[in-house]
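Structure, as structure tokens:
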């Protein structure tokens, strides 16, 4: 069994000292009450749920896995999952950031992101059941009709039901334009709305079937009979597991059944279902053929959450590997025994072990800042009092999402690998728990759009199609920061390289844009390196910002020093990774010739 | 189920075109018959065993795993393992490189390395049963007594029995000086030699118990009663599972029992045992207190083999991901449809997918050259006709082993990750087989000395203590190559950077040595980056050598062009990784401050 302690101190530092979240949030529409005290209290409670209820179910849940009964088409989740979900629902967590009109608490998205980190550290598999609900609510909130929100969304917000996103089909993964599931109009139903008969097979449906809640609201992408081919002919439908009566009570079982669950490398407590829809009854959300837009609403929130998953796994892996390095006695320090009264020194005396720990710490704390910064912009986008501020935040969010998703998840593979490595052979043994983190982390760079998809989104859509609007805001922010702190003693070693890299980032982007205009294949040849390059500079900025914030904060001296040490480590030993990614960006498609 | 086709063409190219193995081997003592034809024929047969017998057991073996019966202390290996071992033994593979005096075929080590790659690609878990036998034989060959070789080694060579290496204890992993297992003299036994009573617990013992062979010869590290503390007080003992009578027949069961098997992240078909020795009867190998020397004999061979494991997994993962990229239809090429008559283009049209494939290819084929080059030097070390040549080869081997072990295994984590990534979400599903490669690869950077241990061995022992003897030979070889090919058109883009990096490698090493002399902690701060830095330059040299060899070979044009393309990719997109490792080497221990 592995340790877990909610990292509330670092979350508070990130939110309040670095990002100034209190001033931002209380200045937003409806944000009067969103004070530090309130946020603190919520984090405290979330930490308890994560530590006491969720964390103990993590490893046993991996061992037990989900069980599928093919006769009844039902899924049994691991022991403790149901009780944890009950505690989650009763605590009001399902509606934390949801509108008050549907029973939610309308608290900030950035608080939702912070509490989600804690729950995901507690048990990632378990956290996927409520996660998909969130995306489904967002889609109904922005694109659904009022009666749909009242009937379906409010029950998810209450924690009575959960939601899913049914996108992928065997032949349609990254390319949803290939999907085949059909929807045929079939007379009037609830609230006098047209019902549709949905027929098709969806795969990789997280929480598609389970025993945590009494009903499941599937949001299904399908084609209407008159749909154009490709991604412009996709519509979104609500397809409940149990049909719902007008008064909200459950009706008959809908023809939407799980056909199997997948046996996966990790997240074994999460039921990943094959879903068979056979003339299942559904309701259209939003306009016909506009389902992809509604899907992107779900997707953006889900992508940020998957980034947070990477962070959550890395955090818990770091806590355990640090503890192991402290307690494991083996060999002596290179310059002579540090604990001569013990049979051997601990692993912390080894510089190479500290390198692995500092790598994790630099990524974990940097990633936390990144996702919280991103989430705070989501709040500003939604509720700033003037349009210009909302617009700017919206552009920043669009720019940051692929970085938050892809970079943090890729780094979680590295972090969980380093954490396991510190355990030596003991890391490979199941009961020590480290290998589960590595297996669980492996899904995060695959689902909700692979790293390749995120990289293409960043470079192709966010930089080129949107003319880098969010990118330019971000560069300006960094430049302003560098100017403001150019004379700070404690930032001296950082501001120089940060300014140079930031300038180069802009120039590289311009040059690359020109090459892509001449040959669109250059986009695919550069996107992955461009994403990492951008991500490492982004983290460098956030680390410099951390040091500035630590200096002016009232944190204990040891906390401040740890921030300075980790930032110095990052600038010396991680940021130079940009050099190799620059080479990758500049190498061009000629270095990636056709393969037979 | 995953594909596997033995990569005989590339092995032959590496052995004969690049490394000139035929000329080298036939010039060695006893090497008259080691012609290309003979080696070819052996590879052909090994390929059949790997493809037809081993490969089909790989995924089912992972699913079934090993079973331990705690009442009888026996292990049942997965279905097909026993039959495969029988075929292996009957084919004479257990004795391929063993001395003829004990029933072996005395074929070159480099051929053993090449065939081992094939078997490990076929089924890594299975291959661990014979692998440990090899190390045990080497230890007996070099340090044991004649009667021990006749009684124990010859039976392993015949494939009747297998061997183990019993090193690790719960409190003694990387630091064997901490081991506690005791050995007490107990009168005369076989061949009038002193017997010892061995008592202690060993963990992580691969092939410690199984059902493939009738007896198991454990080579156990333990302390004699008068042993000095630490690693200078360790002796090595032969402890058979069944005691052996003077005529070689099996006697009574020895008190050496498996107490449990580990539940691991991967290599689930390999029984990793806790071994309990309770006054078990053993025989000393070599001199008292000199067990560590005998162990290093086993260890060096085992380390090279673990490097080959990384290669073997990467090769099979590459084959499957390339096949998937060819067959999976999804999305269109960035510059417009390449297969307009199909519903979508295949993944190969995406430059980013080709980047992932070329990364794997560059590492797989480069790693193959590295381990074969290393193994060929093992042959030269053992059987060159003059002492100076043997000495030089021995220094090269010492230098290369930590690179072959650590670099190739670390790259196998990256390669199996990229291969899985190409499958998208489908890579995460067990039955597609890709996640098994990723799980299996994860052990290779841990056992037989972690990457950190290899890095410290390279920099601390091979470079500093041995004054870089092997390193200097290697630098001279690269310099000579650069001079020789300075005018080659097809190598023009490579020789320049290679010469620059090679010069810098020497200079960086000198500077680093100076810093370490001033502060030994600098060794630990730089070793990991130094290992990668050295490894990437080593592969650059081998890739340049490949292009030169392809040019003058009679290989088909497509084969030659693939070598040129992959080499160009390596120089443009992989070699720049040295820039970040250089930064890591230069950063110094100040960037790795103490962690509380």
Study note, to complete from the structure: Per the filter on region A:230-276, residues assigned to a loop (DSSP other than H, G, I, E, B) and either under 19 Å from residue A:153 (Cβ atoms) or more than 31 Å from the chain's Cα centre (by Cα) (or both) are A:241, A:245, A:246, A:247, A:248, A:249, A:254, A:255
Review point. Which numbered condition trips up residue B:370, out of (1) closer than 24 Å to residue B:313 by Cβ; (2) within 14 Å of chain A (Cβ to nearest Cβ)?
Key: (2)
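Among B:22, B:44, B:29, B:51, which is the only one that is out of contact with any strand residue (DSSP E or B) (no Cβ under 8 Å at 6 or more places or on another chain), surrounded by fewer than 16 Cβ atoms within 10 Å (Cβ to Cβ) and part of a helix (DSSP H, G or I)? Break it down stepwise before answering.
Working: B:22 fails: surrounded by fewer than 16 Cβ atoms within 10 Å (Cβ to Cβ); B:29 fails: part of a helix (DSSP H, G or I); B:51 fails: surrounded by fewer than 16 Cβ atoms within 10 Å (Cβ to Cβ).
The match here is B:44.
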Exercise for review: Determine whether region B:352-360 contains at least one residue that is within 22 Å of residue B:566 (Cβ to Cβ), more than 26 Å from the chain's Cα centre (by Cα), within 14 Å of chain A (Cβ to nearest Cβ) and not in a helix (DSSP H, G or I).
Suggested key: no
Exercise for review: Mind listing whichever residues of region B:123-149 are over 22 Å from residue B:374 (Cα atoms) and assigned to a helix (DSSP H, G or I)?
Suggested key: B:125, B:126, B:129, B:140, B:143, B:146, B:147, B:148, B:149
Check your understanding: Of the residues that make up region A:328-348, is at least one assigned to a helix (DSSP H, G or I), more than 26 Å from the chain's Cα centre (by Cα), free of Cβ contacts under 8 Å to residues at least 40 places away in the same chain and within 12 Å of chain B (Cβ to nearest Cβ)?
Key -> yes
Revision key, fill the gap. Checked B:152, B:204 against criteria (within 30 Å of residue B:247 (Cβ to Cβ) and either in contact with a helix residue (DSSP H, G or I) (Cβ under 7 Å, 6 or more places away or on another chain) or in a strand (DSSP E or B) (or both)); the one match is B:152
Check your understanding: Can residue B:195 be described as within 22 Å of residue A:427 (Cα to Cα), more than 25 Å from the chain's Cα centre (by Cα) and touching a residue at least 60 places away in the same chain (Cβ under 8 Å)?
Key -> no
Practice item. Could you tell me which residue of region A:277-299 is farthest from the other protein chains (Cβ to nearest Cβ), considering only residues that are under 19 Å from the mean Cα position of the chain (by Cα) and closer than 24 Å to residue A:243 by Cα? Key: A:294
Check your understanding: under 19 Å from residue B:446 (Cβ atoms) and outside any helix (DSSP H, G or I) - does that describe any residue in region B:175-198?
Key -> yes
**Study point:** Flag if residue A:452 is modelled with pLDDT of 95 or more, within 22 Å of residue B:330 (Cβ to Cβ) and either within 14 Å of another protein chain (Cβ to nearest Cβ) or touching a strand residue (DSSP E or B) at 6+ places or on another chain (Cβ under 7 Å) (or both)
**Key:** yes
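Yes/no matrix, rows are residues, columns are (1) within 9 Å of chain B (Cβ to nearest Cβ); (2) closer than 23 Å to residue B:333 by Cα:
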position	(1), (2)
A:540	no, no
A:548	no, no
A:551	no, no
A:563	no, no
A:578	yes, no
A:594	yes, yes
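Could you grab me the full set of residues in region B:415-432 that are within 11 Å of another protein chain (Cβ to nearest Cβ) and in contact with a helix residue (DSSP H, G or I) (Cβ under 7 Å, 6 or more places away or on another chain)?
The answer is B:416, B:417, B:418, B:420, B:421, B:422, B:423, B:426, B:427, B:428, B:432.
Here is a yes/no grid of residues against (1) touching a residue at least 24 places away in the same chain (Cβ under 8 Å); (2) under 24 Å from the mean Cα position of the chain (by Cα):
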| position | (1), (2) |
| --- | --- |
| B:57 | yes, yes |
| B:60 | no, yes |
| B:64 | yes, no |
| B:76 | yes, no |
| B:81 | yes, yes |
Point to revise | Filter pass, residue A:139 being away from chain B (no Cβ under 14 Å), crowded, with 19+ Cβ neighbours inside 10 Å, within 20 Å of residue A:241 (Cβ to Cβ) and modelled with pLDDT under 95 | key: yes
Practice item. Kindly list the number of the only condition in (1) within 22 Å of residue B:485 (Cα to Cα); (2) over 23 Å from the mean Cα position of the chain (by Cα); (3) surrounded by 24 or more Cβ atoms within 10 Å (Cβ to Cβ) that fails for residue B:525. Key: (1)
Review point. Regarding residue B:535, is this residue more than 8 Å from chain A (Cβ to nearest Cβ), modelled with pLDDT of 95 or more and touching a helix residue (DSSP H, G or I) at 6+ places or on another chain (Cβ under 8 Å)?
Key: yes
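Against the definition (without any contact (Cβ under 8 Å) to a residue 12 or more places away in the chain and either out of contact with any helix residue (DSSP H, G or I) (no Cβ under 7 Å at 6 or more places or on another chain) or surrounded by fewer than 17 Cβ atoms within 10 Å (Cβ to Cβ) (or both)), how does residue A:9 come out, yes or no?
Values: without any contact (Cβ under 8 Å) to a residue 12 or more places away in the chain: no; either out of contact with any helix residue (DSSP H, G or I) (no Cβ under 7 Å at 6 or more places or on another chain) or surrounded by fewer than 17 Cβ atoms within 10 Å (Cβ to Cβ) (or both): yes.
For residue A:9, the condition - without any contact (Cβ under 8 Å) to a residue 12 or more places away in the chain and either out of contact with any helix residue (DSSP H, G or I) (no Cβ under 7 Å at 6 or more places or on another chain) or surrounded by fewer than 17 Cβ atoms within 10 Å (Cβ to Cβ) (or both) - is not met.
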**Study point:** Members of region B:213-229 found to be surrounded by fewer than 16 Cβ atoms within 10 Å (Cβ to Cβ) and either touching a strand residue (DSSP E or B) at 6+ places or on another chain (Cβ under 8 Å) or not in a loop (DSSP other than H, G, I, E, B) (or both), listed by number
**Key:** B:214, B:225
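Answer yes or no as to whether residue A:111 is assigned to a helix (DSSP H, G or I) and surrounded by fewer than 24 Cβ atoms within 10 Å (Cβ to Cβ). Show your work before the answer.
Working: assigned to a helix (DSSP H, G or I): yes; surrounded by fewer than 24 Cβ atoms within 10 Å (Cβ to Cβ): no.
So residue A:111 fails the test.
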Review point. Would a scan of region A:399-412 turn up a residue that is closer than 19 Å to residue B:420 by Cβ, facing another protein chain (nearest Cβ under 8 Å), surrounded by 24 or more Cβ atoms within 10 Å (Cβ to Cβ) and in contact (Cβ under 8 Å) with a residue 12 or more places away in the chain?
Key: no
Review point. So is residue A:268 touching a strand residue (DSSP E or B) at 6+ places or on another chain (Cβ under 9 Å) and either modelled with pLDDT under 95 or within 14 Å of chain B (Cβ to nearest Cβ) (or both) or not?
Key: no
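The values are calculated or read from the model by the stated rules, or taken from the named source; none is laboratory data. Keep in mind the model is a prediction, meaning the values are calculated, not measured. We place every Cβ from the backbone using ideal geometry, glycine too, and count neighbours over all the protein chains shown.
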